[in-house]
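The values are calculated or read from the model by the stated rules, or taken from the named source; none is laboratory data. Because the structure is predicted, anything quoted here is derived from the model rather than measured. For neighbour counting, all protein chains shown are included, and Cβ atoms are generated from backbone atoms with ideal geometry for every residue, glycine included.
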Amino acid sequence: MTLLRIEALSKSFDGVKAVDDVSFSLEAGELLALIGPNGAGKSTCFNMINGQLKPTSGSIRFDDQELAGKRPRDIWRAGVGRTFQIAATFNSMTVLENVQMALLSFERRVFNFLGRIDSWRKEEALALLELVGMAEHAHRSCAVLAYGDVKRVELAIALANRPKLLLMDEPTAGMAPEERNALMALTARLAKDQKIGVLFTEHSMDVVFGYADRLIVLARGRLIAQGNAETIRNDARVREVYLGGVR
């Protein structure tokens, strides 16, 4: 089932096209890698899907609704989760409290919640932490966690809105190889089990070729290739502008 359909998406800044007439689709349960050299338009494309930028033109259809121009909070509540290149958690809170806060936000109760947070949606928060292998760290402060564990907590937070689509911006940045593989294997398993479509950007080609079902390649704002790992590896234009000697 097609979950996300991007059609003729463009974004200009002072007449310069950062994203130029890009079209692609994403299926439920699929991991789709968005790759390309620096300045290719990957982050701009991500930020339009997430609502941080309004497209100059084009369409973003998600689960039979148009997202282009909607606010990030409305897109999140529609079922789009996101993780960031630099993990976004509250260091002053415990692991459990971070996930509880995400659940509170999804229930629109952050600003009118008068009781204590420690028992609110605790079982649901623990279940999310169990999914990502962090339940045993529930009562530790995020400030003392290893970076790989922080990324797992961020993933649990991103799952708090029960997403159908997960946007992951360089999910393994700053992680050791073993941590990278563990996080992406976990993400792939969750995507397949829960039929979550995952769109991710990534500079580690080992991660991209190891876990993506399909790849799309941007260069100077335009989509220059798409296909499976073998197709992208052997694409002459992709090798020229991005992959170089990677095999």
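The figures follow:
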{"read-out": "Any hit, segment 41-57, residues being touching a helix residue (DSSP H, G or I) at 6+ places or on another chain (Cβ under 8 Å), of a type outside the set (A, V, I, L, M, F, W, C) and part of a helix (DSSP H, G or I)", "value": "yes"}
{"read-out": "Search result, residues across segment 127-142 that are in contact (Cβ under 8 Å) with a residue 12 or more places away in the chain and either of a type in the set (Gly, Ala, Ser) or crowded, with 17+ Cβ neighbours inside 10 Å (or both)", "value": "Leu128, Leu129, Leu131, Val132, Gly133, Met134, His137, Ala138, Ser141, Cys142"}
{"read-out": "One residue from Ala176, Ala229 being out of contact with any Asp or Glu (no Cβ under 8 Å at 6 or more places or on another chain) and buried (at least 17 other Cβ atoms within 10 Å of the Cβ)", "value": "Ala229"}
{"read-out": "Candidate set: segment 140-163, residues that are touching a Leu at 6+ places or on another chain (Cβ under 6 Å) and part of a loop (DSSP other than H, G, I, E, B); chosen: the one modelled with the lowest pLDDT", "value": "Ala160"}
{"read-out": "Flag for Phe46 being among the aromatic types (Phe, Trp, Tyr) and in contact (Cβ under 8 Å) with a residue 12 or more places away in the chain", "value": "yes"}
{"read-out": "Pairs, first assigned to a strand (DSSP E or B) in segment 190-204, second basic (Lys, Arg), C-beta under 7 Å, six or more apart", "value": "Gly197/Lys164; Thr201/Lys42"}
{"read-out": "Within segment 58-96, tally of residues that are at pLDDT 95 or above, part of a helix (DSSP H, G or I) and surrounded by fewer than 17 Cβ atoms within 10 Å (Cβ to Cβ)", "value": "0"}
{"read-out": "Whichever residue in segment 232-247 is β-branched (Val, Ile, Thr) and at pLDDT below 90 and, among such residues, is farthest from Gly36 (Cα to Cα)", "value": "Val246"}
